[in-house]
Structures are given as structure tokens and as C-alpha cells.
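First the structure, in the form of C-alpha cells, and then the observations on it.
The values are calculated or read from the model by the stated rules, or taken from the named source; none is laboratory data. It should be emphasised that the depicted structure is a prediction, and the values quoted were computed from it without experimental measurement. Don't worry about glycine lacking a Cβ; one is built from the backbone with ideal geometry, like all the others, and counts go over all protein chains shown.
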Amino acid sequence: MSKQVSGPPKALDDDLQESFFLEARVDTTDAIFTAVRPDGAIAWVNSAFSRITGYSFNEAVGRKVWEFRCPEEIEEGSRNFQVNVDGRRFESRWRTRDDRTIHLSWTTRSLYNADGSLHLRVGTAQDVTAERETEKRADDLSLLLDRSMDAIILISNQRRIIYCNQAACDLYLMSREEMLGQPNDIFIPESETARLAEFGMAIRRDKKPVEIDTWRRRGDGIQIPVHLRVTPLIDDDGKITAMASVSFDISDRMALEERERQAAERAQLLADLVENLSDPVFHIRPDGTIGYVNSACERVYGHTKEEMLNQPSSMLRPDDRVALMARYIREVQQNSQPVVLETEALHKDGRRIPMELRSTTLRDAEGKVLGIGSVVRDMTLQKELEAELRRAADTDALTGLANRHRFSRVADAEARRAMRYGHGLAVIVCDIDHFKSVNDRYGHAGGDQALKAFAGTVSDCLRQPIDVLGRVGGEEFAVILPETDLSGARRVAERIRSAVEKLQVRHDGRTFGLTVSLGISLFRNGETSLEEAMKRADDALYKAKKNGRNRVEAAPD
């Protein structure tokens, strides 16, 4: 949202001409820059201010800087402006022009006149909204993950810890408060830095789970050996959004391996350990039959030991995975190191189980092949976690509707389908009337209740799952109506308007009603996206507002 000026803006006094030099230097950055007078009035902003907040240069200049904060922070912002916080970073929540809440991280510097009086206060802000939302999603999953016995840590793309479960706190002897927000390398001893840097590069390159035995530094400074398994969390576009690290202390295992080299009862000790592992363990003989299974196999696969032993290992694979497993076994036999494969197993009741299989060739002291040993990890929880993270990225947290990102993807897909088959396609833009007064009167909790009730009412008026309803702004919603002409869109819009008019929202022992204004537009021949149709629907919505609200207006054909 750039501004075109041929000379000094009228909002600036002669003694502020130096701001043009500042503007030339900072207008290309993603950070917000502001110059604020001693009374709190904005004297100048850069173009990033308009991009991030939606307010133009002329809309911003002259207004008090704290007026852009969320309503509940305005009074605090007014008070805090009088406090000199130069050099200290602080955060505040702002409300954008389209009524979204964003998180800004600020630093300020005061400029003084020759007589020592305050001349300007210059502020710089970074938009940290995405980071704060990521932290919230991690918190939502913490209850489930806290029940895990393994230490689980989520790491952001900035390599900072955004979540840790209780097992991680116990393993590394640190509290959540001490871990959250810290760089992940706080656990890495200097001797392991280079090795783990290569480990991280391999994960980002291959985008697959990777395991490693390494050393970690606990909160008390003591180094412990751990088995570390890191899985990249990938969105629908194939981009890594975070890293899930699962680790557990292998001190006992390492000590046991050392003792086992000297112990005569090595075989029995190993058998006892394997039998009590939580992960399934197999021995597959060279002829492909099952020679050993531990107790975890019964729990995961549903078969008893007697039903599995001496049977072909193919009984535990879906038919469409037999060829894949044959190639995998050949690869294991040709490698001296363990080979990892993510695949699916077959439960006794016919269910398919997502699994990660880690296998190696077993040989006796003379080098004779004894078959293949495999450890299986049930990936069900991991897949559910990944699905939940993908769902959270596409869903409005308050209403459960499609968010702007998902709505845009659906809009593009429906536009392509309409172009290909020549089907009608309509869009409705809805805006709750006088929603600010709802927040003012019933508080934000009442406003949230109204938004959820409104979303449910509109959803009931649509064809499920053909029509798509999304929340695209604070109190603004949009509907995509595939294979629908103008008269059909009018009927749907009027049905929504009537249903909302009858809606009664209950909050805190009180009941209040809502009305909605709606704008309709059709996707036209020759258009390649719904962007123009959405603009026309917005114009029709504005007309409905202007003509008295609680009405439906359609854009001209």
C-alpha cells in the first residue's frame, strides 16, 4: 500500500524534513517504522506500516499511536507512552484495518531538541503474529503430548523451542519456563555441534524422520547419552513448519551393552529387554518366516505369538505392500547399517497401521546370515499430530470454519473447475451489522459467542459439504456456492439473512439478536480467479450497509 508524494507531506512541519531521508532508507524493509510527536500523535510512518496494519499514510498521520492497539490495551498504551523505554523491547497487540489482531514487537528511541525537550519518539516494530499463533497451537497439543513417556520437544523454523512436554523437563532437568523460547542448541555439547548440524541439514534436505544416538547437556551441566528421533512437520505445500524431537535417555542401554560384552548370560538378558520393549520387535528368518516376536507385537498387531511364529511374514502386510517389502528386504540385506522405511502394517481385524520399520541383517560370529531383525514404531500418534497441525493451519480457531488461507485455496480450485466445465459459481460476502456495539455492550466473550452462533446458523443454511463457508475477517464471512446462478445465490443469501435475524444469542444470562448485510456476485466468463467476484461482492455488501443494513444486494451482471 505505497503512497505517492511529489513533495513533503502536509502532515510534516518544516523541522521534520529529515524524515524524507529516513523514509528513503526504511521504506524497503519489512519492519514498521514510526515517528511520533511528544503528545503521541503520529508524524510519519513507512510503507510497511500500511502493509501490515492496512491503514494508509494519511489515515495514520495525526492519530495517537495507541489508538491502533486492541481496545483493551488502548488505555495502557496511552499511559506507557509517557514512560521512556528506549532500548527495551516490548510487545503490544494491534487491531488492523480489517479488524484482525496482530502482535508487534517494538523498540523505541527518543530524539531531543537542543534545549533538552523531546522532539520525536522513533519506533521500530516486527510482526510476530505467526510466532505467537504457532506457540498457541503447540499449547493446544500439550495435554495429549504430556502423557507420553518419551521427551517431546517442538522446534520452530527459527530453531527455538516452542513446546516441551513433562517428560522432556524430567529428562533435561529444566522447567518449561527455562526451556520455552530458548534456542535448541542449549542442549548440544560443543563436541556434538558439527555432527548435529549435519544431522539437521539432512532432515531439511530429505524431509524424513531421522534418528541418531548423541549426547545432550542437561540443565545441571551433566552430559547424558540419548537416542534422538527428529521428524519434520510438513504443510500441504511441502514446506517444513516445525521439527518434532523425541528423545530418551540411553545411559542404561549403553551401560548394559558394555556389561553384555563380558556377561555369559548376554542372550537371556537381551531377550528379556526386547520382550519388555514398548515397540514391536521381529526376527525374520532367511526363508521369510517369523522366528521371533516380542509381547508388543501381540498388542500392536492383534495376533497371539502362536499365530505369528513360523508363519510367512507377509501375513502382517497389506497385499499392496508386499512388493515394496520385498524390495526393502533386499536393501536391508545389501546394507551393513540399519535401513528405515515408513510403511503400513495389517492388524488382525483388517485395519491398516502406519508404521516406521527399522531393520538390519543379523549374522552369527562366523558371518552367516541369520535373517533380519526389525524394530517397528507405531506412527499412529505422529500421523494424528501431523493431521491436527494441518487442520489447525486451515481452521479458524474460534468458529471452526475455514480460515482465509484455506478459503483462498478452495476459491482457486472452484474457479478452475468453473472455467473447465462452464458451471455457474457464486460468492456471498457477509458482515454482521453493528458488531462493534456487541463487543462494547457484552464484552469480547459475548462477541466471540455471537460469532460462533452466527457461524453455526449460516452453516445450517448451506448445502453440506458442497458450499464452503469461511471466516475472512473479524466479523466478515464469505460463502462459495458452486454450480449456482444469481437467483440461486439470492435465495441462499436471503435464507441466511432471515435465519440470522431470528437468531437469539445467549451470553452471561442475557439474550441479544443480530442482523447481517450480504453482498452477492457471480464468477464471470474470462476471469481466472474469484478475486474480482469477491471485490464485486464487497461493493454490493457496502451498498447493503449504505441502504440500511439487514439486507441483500447483488453486484450487477
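Structural remarks
- Count of segment 160-186 residues which are surrounded by 14 or more Cβ atoms within 10 Å (Cβ to Cβ) and closer than 23 Å to L381 by Cβ: 15
- Leading residue by the ranking (surrounded by the fewest Cβ atoms within 10 Å (Cβ to Cβ)) among those in segment 296-328 that are of a type in the set (S, T, Y) and assigned to a helix (DSSP H, G or I): S314
- Among the residues of segment 337-368, the ones that are over 39 Å from the mean Cα position of the chain (by Cα), in a loop (DSSP other than H, G, I, E, B) and of a type outside the set (K, R) come to 4 in all.
Here's the yes/no breakdown for (1) surrounded by fewer than 18 Cβ atoms within 10 Å (Cβ to Cβ); (2) in contact with a strand residue (DSSP E or B) (Cβ under 8 Å, 6 or more places away or on another chain); (3) of a type outside the set (K, R):
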residue: A489; (1), (2), (3): no, yes, yes
residue: E494; (1), (2), (3): yes, yes, yes
residue: L514; (1), (2), (3): no, yes, yes
residue: R524; (1), (2), (3): yes, no, no
residue: K543; (1), (2), (3): yes, yes, no
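- Every condition in (1) buried (at least 19 other Cβ atoms within 10 Å of the Cβ); (2) over 29 Å from G548 (Cβ atoms) holds for R417 except the one numbered (1).
- S487 being in a helix (DSSP H, G or I), over 33 Å from the mean Cα position of the chain (by Cα) and more than 26 Å from A450 (Cα to Cα): yes
- Residue in segment 83-90 that is surrounded by fewer than 17 Cβ atoms within 10 Å (Cβ to Cβ) and in contact (Cβ under 8 Å) with a residue 60 or more places away in the chain present: no
- Scan of segment 284-295 for residues that are buried (at least 17 other Cβ atoms within 10 Å of the Cβ) and touching a residue at least 40 places away in the same chain (Cβ under 8 Å), ordered by number: I284, G291
- Across segment 443-452, the number of residues qualifying as more than 25 Å from the chain's Cα centre (by Cα) and hydrophobic (A, V, I, L, M, F, W, C) comes to 1.
- Residue list for segment 461-484, restricted to those being surrounded by fewer than 18 Cβ atoms within 10 Å (Cβ to Cβ) and of a type in the set (D, E, K, R): R463, E483
- Scanning segment 502-512 for residues that are loosely packed, with under 15 Cβ neighbours inside 10 Å, within 34 Å of the chain's Cα centre (by Cα) and either in a strand (DSSP E or B) or among the aliphatic types (A, V, I, L, M) (or both) returns Q504, R506.
- Positions within segment 503-523 being touching a residue at least 60 places away in the same chain (Cβ under 8 Å) and among the hydrophobic types (A, V, I, L, M, F, W, C), in sequence order: F512, L514, V516, L518, I520, L522, F523
- All conditions in (1) part of a strand (DSSP E or B); (2) at pLDDT below 90 hold for C430, with the sole exception of (2).
- Residue satisfying all of: in segment 131-160; closer than 16 Å to R93 by Cα and basic (K, R); modelled with the lowest pLDDT among these: K136
- You will find that of A478, A450, A455, A499, the residue that is outside the structural domain of W94 (by TED's automatic domain parsing), out of contact with any helix residue (DSSP H, G or I) (no Cβ under 6 Å at 6 or more places or on another chain) and part of a helix (DSSP H, G or I) is A455 and no other.
- Residue match in segment 144-159 (condition: more than 22 Å from A244 (Cβ to Cβ), under 23 Å from the mean Cα position of the chain (by Cα), surrounded by 15 or more Cβ atoms within 10 Å (Cβ to Cβ) and not aliphatic (A, V, I, L, M)): no
- Considering the conditions (1) touching a Gly at 6+ places or on another chain (Cβ under 8 Å); (2) over 19 Å from I466 (Cα atoms), G548 is excluded by exactly one of them, (1).
- Any hit, segment 526-545, residues being in contact with an Asp or Glu (Cβ under 8 Å, 6 or more places away or on another chain), free of Cβ contacts under 8 Å to residues at least 12 places away in the same chain, in the same structural domain as R420 (by TED's automatic domain parsing) and not aromatic (F, W, Y): no
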